[in-house]
Amino acid sequence: MQRFTLEAQNLHRSFGGVRAVDNVSFGVRPGELLALIGPNGAGKSTCFNLLNGQLKPDSGVVKFLGNEITGLPPRRVARRGVGRTFQITATFGSMTVRENVQLALMANRKELRRFWTPARRLRGGQADTLLERVGLAGQVNRPCAVLAYGDLKRVELAIALAGNPKLLLMDEPTAGMAPQERVGLMALVAELARERGMAVLFTEHDMDVVFGHADRVLVLDRGRLIAEGSAEEVRNNPLVQDVYLGGGFEEELAEVEPEPDPEQEAPEC
């Protein structure tokens with residue numbers, strides 16, 4: 001059995017009398033896409049914030065590549081090889097696509113204070129390589145402010161990859177995207193995970209995305225992990241059907257159709 005890239009053991013975090021994360025344990029393996037789903041208020045965001053150091057757990061342990069990282073600040077977690085994307089994109093709109101990725105590359109290598117060398121000359125080739133890999137080779141000189149939202153998501157992915165992460169945390173990666181853009185982005189993430197042996201943990205409300213791309217699915221409800229397994233196992237779990245979305249989960253899953261292959265659905269000329 002391949003060891004976990006990330007392992008959470010008995011994580012607990014309360015806010016007043018509310019148990020936001022209640023004794024949660026799971027692991028993510030290299031190259032695996034693991035989805036974390038649940039109703040609003042289930043504890044998904046709190047769980048994410050415990051993993052990357054934005055919050056400290058009341059109890060429990062977080063291990064990355066076998067080493068404990070519990071409670072380390074986000075910058076130290078990131079430098080160990082944990083990348084993250086957010087539901088709302090955060091790029092510098094006045095800077096070009098290339099400059100945004102260059103900045104991330106420089107920050108990860110502690111080069112932001114290099115004197116005498118103009119920043120635009122640093123890491124340009126590496127930035128272009130990453131942008132080509134995420135499908136933005138033709139837009140490297142455009143300001144981020146003028147990009148379509150789906151392209152901004154790809155820039156954010158390139159920024160996250162600048163640290164060469166072994167683990168990528170993605171919070172609602174397809175939020176605000178058109179259906180075809182969602183397919184393309186998640187297919188790309190799956191390819192990158194396999195190529196790099198990179199573990200991916202993502203939260204998502206879109207069941208097409210979850211069941212179309214996740215290798216395994218975790219379900220949280222009121223801070224507790226209530227189900228774990230393949231898409232089919234979770235789809236047919238009576239407890240999940242009863243709890244998720246107030247019992248409407250089974251009907252919603254019945255409407256989920258296989259996602260189209262973007263390579264076979266070329267736009268009409």
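The values are calculated or read from the model by the stated rules, or taken from the named source; none is laboratory data. As the structure is a prediction and not an experimental result, all values here were calculated from the model. Positions of Cβ are generated from backbone atoms using ideal geometry, with glycine treated the same way; all protein chains shown enter the neighbour counts.
Worth pointing out:
- Selected residue (only one of Asp215, Asp208, Asp171 is touching a residue at least 40 places away in the same chain (Cβ under 8 Å), among the charged types (D, E, K, R) and touching a Phe, Trp or Tyr at 6+ places or on another chain (Cβ under 8 Å)): Asp171
- Ala158 vs. criteria buried (at least 23 other Cβ atoms within 10 Å of the Cβ) and part of a helix (DSSP H, G or I): yes
- Whichever residue in region 198-222 is outside any helix (DSSP H, G or I), at pLDDT below 95 and of a type outside the set (A, V, I, L, M, F, W, C) and, among such residues, is nearest to Leu169 (Cα to Cα): Thr203
Let's see how each residue does on (1) surrounded by 19 or more Cβ atoms within 10 Å (Cβ to Cβ); (2) closer than 30 Å to Leu6 by Cβ; (3) touching a His at 6+ places or on another chain (Cβ under 6 Å); (4) modelled with pLDDT of 85 or more:
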residue	(1), (2), (3), (4)
Arg120	no, no, no, no
Arg123	yes, yes, no, no
Leu131	yes, yes, no, yes
Pro143	no, no, no, yes
Val146	no, no, no, yes
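- Every listed requirement among (1) out of contact with any Leu (no Cβ under 8 Å at 6 or more places or on another chain); (2) in a helix (DSSP H, G or I); (3) not aliphatic (A, V, I, L, M) is met by Asn49 save one, (1).
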